[in-house]
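No value in this document is a laboratory result; all are computed from the given coordinates. Remember, predicted model here, so these are calculated numbers, not experimental data. Here the Cβ positions follow ideal geometry from the backbone for every residue, glycine too, while neighbour counts run over all protein chains shown.
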Amino acid sequence: MPKIDVILSEADLMARVDELAARLAPRLQSDDWTAVSILIGATPFTSDLMKALARRHIHPVLDVMWLESYRDARESSGRVVVRADIARSVEGRGILLVDDVFDTGRTLDFAKHHLLAKGAREVITVALTQKPWAPRGENGVDFCAFDAPGRFLVGYGMDDKGRYRGLPYIGALD
């Protein structure tokens, strides 16, 4: 196994997810929200975020989209492919779009426009982490749990060619 530097411990990670839920809660007070998790990497984050929202009596409908732009590479291909689309209608609903890493912004931008085209009322983008070079401001992510270093991240859903997704912390490989 390669050396993995711990970037964010499991305890610190859970605290960041809870803080993020507290910041999101005021925006999600109505019952017409759907959380859309981008597979596969955002799965653990989405699960913990949904639990943190539930502790605040917020219960969005959960759906998923499987989008792919990395495959087994460490850099985005620049092309987003829909491997599986959402299962429920989002017509007139608010969408909480959840991803693991906000890097180039292409995946979230693609998914946001895809969901708006399906009739979503609005889309709020949420990422577990964002890279230092990720777009900020109007083209940035709406909510983020923490800023990551410019290294390749693994753990808590993030992988290196399919490995290390199950680590309970966020680590970095060089």
Notebook entry, point to check: Just from its helices, what would the mean residue ellipticity at 222 nm be for the chain, if runs of 4 or more DSSP H residues each count -39500 (n - 2.57) and the sum is divided by every residue, rounded to the nearest 500 deg cm²/dmol?
Noted result: -7000 deg cm²/dmol
Next item on the list: Return the long-range amide H neighbours of residue 154 (sequence gap of 5 or more, or a different chain), with a cut-off of under 5 Å between placed amide H atoms.
Entry: 171, 172, 173
Note to self: Please list 3J(HN,Hα) in residue order for the range 118-129, calculated via the Karplus relation 6.51 cos²θ - 1.76 cosθ + 1.60 where θ = phi - 60°; whole Hz, with x for glycine and proline.
What the structure shows: 7, x, 4, 5, 7, 10, 9, 8, 9, 10, 4, 8
Notebook entry, point to check: Among bridges DSSP assigns within the chain, what percent are antiparallel (round to 5)?
Noted result: 30
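With all distinct Cα pairs included, what does the Kirkwood hydrodynamic radius of the range 84-139 come out to in Å, to one decimal, could you say? Present the calculation step by step, with values, prior to reporting the outcome.
Values: mean 1/r = 0.0843 Å⁻¹.
About 11.9 Å, per the Kirkwood formula over Cα pairs.
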Check: How far apart, in nm, are the 7 Å Cα→Cβ label points at residue 25 and residue 79?
Finding: 4.5
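Starting from the Cα-Cα distance between residue 15 and residue 106, subtract it from 0.36 nm times their residue separation and give me the gain in nm to one decimal.
On the way: separation 91, 0.36 × 91 = 32.76 nm, distance 2.78 nm.
Contour length minus Cα-Cα distance gives 30.0 nm.
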Margin query: I need the phi-derived Karplus couplings for the range 11-19: 6.51 cos²θ - 1.76 cosθ + 1.60, θ = phi - 60°, integer Hz, Gly and Pro marked x.
Written below: 5, 5, 4, 5, 5, 5, 5, 5, 4
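Can you list which of the chymotrypsin sites (Phe, Trp or Tyr not before Pro) found in the range 99-166 are DSSP loop residues with at most 14 other C-beta atoms within 10 Å? The partial results should precede the final answer.
Numbers: sites: 102, 110, 133, 143, 146, 152, 156, 164; in loops: 133, 156, 164.
Passing sites in the range 99-166 are 133.
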Check: Are there GluC sites (Glu not before Pro) in the range 10-110 that DSSP puts in a loop and that have at most 14 other Cβ atoms within 10 Å, and which ones?
Finding: 75, 91
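What dipole magnitude, in Debye to the nearest 20, does the range 38-174 give about its Cα centre under +1 on Lys/Arg Cβ and -1 on Asp/Glu Cβ? Walk me through the numbers before you get to the answer.
Details: 19 positive and 18 negative charges, 49 e Å.
Roughly 240 debye, rounded to the nearest 20.
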Checklist line | Between the range 144-164 and the range 90-116, the alpha-carbon center distance in angstrom | finding: 19
Item checked: Total formal charge among the other residues, if their Cβ is under 15 angstrom from that of residue 11, Lys/Arg +1 and Asp/Glu -1 -> -4
